[in-house]
Amino acid sequence: VITYTIVIDALCKSGRISDAYHILEDMLKAGCPPNLVTYNSLINGFCKLGNMSDAMELLKQMTENSCSPDIFTYNTLIDGYCKLEKAWEGYKLMKEMSDLGCEPNFITYNTLMDAFVKAKKFSEAFNVALEMLDSDCGPSRFSFNLMIDMFCKVGQLEIGYELFQLMTDRGCVPDIYTYNIMISGACKANRTDHAMQLLERMCEAGCPPDIITYNAIISGLCKGCQAHEALELYEVIRSAGLCLDIVTYSTLIDALCKIRRMDDAERLLREMESNGCPPDVVAYTIVIHGYCKANQLDKSLEFFSELLEKGCVPSLITYSIIIDKLCKSGRVSEGCMFLKTMMENGVVPDAIVYTTVIDGLCKSDSYKEAYEVYKLMKETGCAPNVVTYNVLVDKLCKTGRLDEAIQMLEVMEEEECFPD
RNA sequence: AUCCUUUGAGAUCA
């Protein structure tokens, strides 16, 4: 059995699921009954391929063969659902296993929390965190890191700090992830002062900052309009013996763009190239955005071509930035054309690009066309957000079409999109 | 045999 199981697991991990399944059939024929681990390995194989129906089928089959699923089985299945963005199915399965007398462990909770956070379902994630803390599953350092991160992401720094204390009390030693998560959280909440304190604290705790730590701080400083301070860190990083990575460079380039030092930004882009760190889409997009803000659309378009020449694939954000600038430079029809090109290149528009175009059309007095785009976005299953409605309502109000504006507010209410 | 967490780019507003 062990030999068979090892082979099955290896086949599953290299994606050869049907071969693995044949071995299971051979085992059954040869009168060598698969054990729990055999089934778990195969279920994991199906789950990793996103084939939940076959995975669930195996769950049934193993039960019939008097092999009861254990915590590994359920965790594997829950993770399978989570990776398919069906965290709710995973959550239901957790309740089910609990009812069947198999208590979830910290891995079960970690899996679900991570999935809910990635789907931005924070209240659900919060709920799972509470269930975990209430249980006696003994959350791991990993669990605490996940929880702290999710509270930081919703701006609840204080809870993050409390959890930091709690984990220490429970004998979990904070690691570099913990510190980086908290530093990034503090930076995002515009508390670079806290971030700096944490930086000192981690050094004292014998956990030296890494490039990710500095990247987080640089990004925080840039957001707080302290681009100059961010640029000073360049030297600090060097003297700490760390290498700048692609994120450091892009963040610094963004800082330079924000203070309109486009020449320096461009120089740094060239420098990263010669330092063996070739710019990616994000780096190019930052420069493109910088030139847009500096009213040099021609330069932006030059960098757009360069990006294509270098074999980078423009992202939704790259397109959005150029579309926005085209619209705002009175070249709305070109903006619309660009949107079309983008879609032809297989990039699926989101609410932000649609809103960008709608805004462009509104501002060029083409409410009718704007409304057409709004309808199109709804037809394609893209939900308009508050900003979309703000743009439309603003235009209606400014042109004295108050009745239609009020109607629009009613639509918002129907869609549970609440005015801000 | 199961989770693998932290850092960079986009839209409205007097």
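Points to keep in mind about this one:
- Residue in segment A:120-127 that is crowded, with 18+ Cβ neighbours inside 10 Å, free of Cβ contacts under 8 Å to residues at least 60 places away in the same chain, under 27 Å from A:Leu59 (Cα atoms) and among the charged types (D, E, K, R) present: yes
- A:Lys398 meets the conditions (1) away from RNA strand B (no atom under 12 Å from the Cβ); (2) over 22 Å from A:Thr285 (Cβ atoms); (3) surrounded by fewer than 18 Cβ atoms within 10 Å (Cβ to Cβ) in every case but one. The failed one is (1).
- A single entry from A:Leu146, A:Leu166 fulfils the requirement of being assigned to a helix (DSSP H, G or I) and within 14 Å of RNA strand B (Cβ to nearest atom): A:Leu146.
- The residues in segment A:37-93 that are touching an Asp or Glu at 6+ places or on another chain (Cβ under 6 Å), within 19 Å of A:Ala119 (Cβ to Cβ) and among the hydrophobic types (A, V, I, L, M, F, W, C) can be counted, and the count is 0.
- Boolean, A:Phe116 is within 12 Å of RNA strand B (Cβ to nearest atom) and in contact with a Leu (Cβ under 9 Å, 6 or more places away or on another chain): no
- A:Leu199 on the phi < 0 side of the Ramachandran plot, within 14 Å of RNA strand B (Cβ to nearest atom) and over 24 Å from the mean Cα position of the chain (by Cα): yes
- Residues located in segment A:190-210, provided they are surrounded by 17 or more Cβ atoms within 10 Å (Cβ to Cβ) and not hydroxyl-bearing (Ser, Thr, Tyr): A:Arg191, A:His194, A:Ala195, A:Leu198, A:Leu199, A:Met202, A:Cys207, A:Pro209
- Condition met for A:Ser329 (under 27 Å from the mean Cα position of the chain (by Cα), surrounded by fewer than 20 Cβ atoms within 10 Å (Cβ to Cβ) and of a type in the set (S, T, N, Q)): no
- Pair list, Cβ < 8 Å and 6+ apart or interchain, from segment A:272-285 residues that are closer than 16 Å to A:Cys257 by Cβ to residues that are assigned to a helix (DSSP H, G or I) and among the acidic types (Asp, Glu): A:Pro279/A:Glu273; A:Tyr284/A:Glu306
- Matching residues in segment A:20-75 - criterion: being loosely packed, with under 14 Cβ neighbours inside 10 Å and either outside any loop (DSSP other than H, G, I, E, B) or in contact with a Leu (Cβ under 7 Å, 6 or more places away or on another chain) (or both): A:His22, A:Glu25, A:Asp26, A:Leu28, A:Lys29, A:Gly50, A:Ser53, A:Glu57, A:Lys60, A:Thr63, A:Glu64
- Close Cβ contacts (under 9 Å, 6 or more residues apart or on different chains) running from residues in segment A:407-420 that are assigned to a loop (DSSP other than H, G, I, E, B) to residues that are of a type in the set (S, T, N, Q) comprise A:Cys417/A:Asn385; A:Cys417/A:Thr388; A:Pro419/A:Asn390; A:Asp420/A:Asn390.
- Complete set of residues in segment A:297-326 that are of a type in the set (D, E, K, R) and within 25 Å of the chain's Cα centre (by Cα): A:Asp324
- Between A:Leu231, A:Leu242, A:Leu268, the distinction of being more than 27 Å from A:Leu316 (Cβ to Cβ), in a helix (DSSP H, G or I), away from RNA strand B (no atom under 11 Å from the Cβ) and in contact (Cβ under 8 Å) with a residue 12 or more places away in the chain belongs to A:Leu231 only.
Quick grid of which residues meet (1) part of a helix (DSSP H, G or I); (2) not basic (Lys, Arg):
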{"residue": "A:Val282", "(1), (2)": "yes, yes"}
{"residue": "A:Ile288", "(1), (2)": "yes, yes"}
{"residue": "A:Cys292", "(1), (2)": "yes, yes"}
{"residue": "A:Glu302", "(1), (2)": "yes, yes"}
{"residue": "A:Glu306", "(1), (2)": "yes, yes"}
{"residue": "A:Gly311", "(1), (2)": "no, yes"}
{"residue": "A:Lys325", "(1), (2)": "yes, no"}
{"residue": "A:Met337", "(1), (2)": "yes, yes"}
{"residue": "A:Lys340", "(1), (2)": "yes, no"}
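- A:Met182 vs. criteria at pLDDT 95 or above and in a helix (DSSP H, G or I): yes
- Search result, residues across segment A:134-169 that are crowded, with 24+ Cβ neighbours inside 10 Å and among the charged types (D, E, K, R): none
- Flag for A:Asp254 being within 8 Å of RNA strand B (Cβ to nearest atom) and modelled with pLDDT under 95: yes
- When A:Asp99 is tested against (1) near RNA strand B (Cβ under 8 Å from one of its atoms); (2) more than 22 Å from the chain's Cα centre (by Cα), just one condition goes unmet, and that condition is (1).
- Here is the figure for segment A:211-225: residues that are of a type outside the set (Val, Ile, Thr), near RNA strand B (Cβ under 6 Å from one of its atoms) and surrounded by fewer than 22 Cβ atoms within 10 Å (Cβ to Cβ) total 1.
The values are calculated or read from the model by the stated rules, or taken from the named source; none is laboratory data. Computed from a predicted structure; not experimentally measured. Cβ coordinates were reconstructed from backbone atoms using ideal geometry, including for glycine residues, and neighbour counts include every protein chain displayed.
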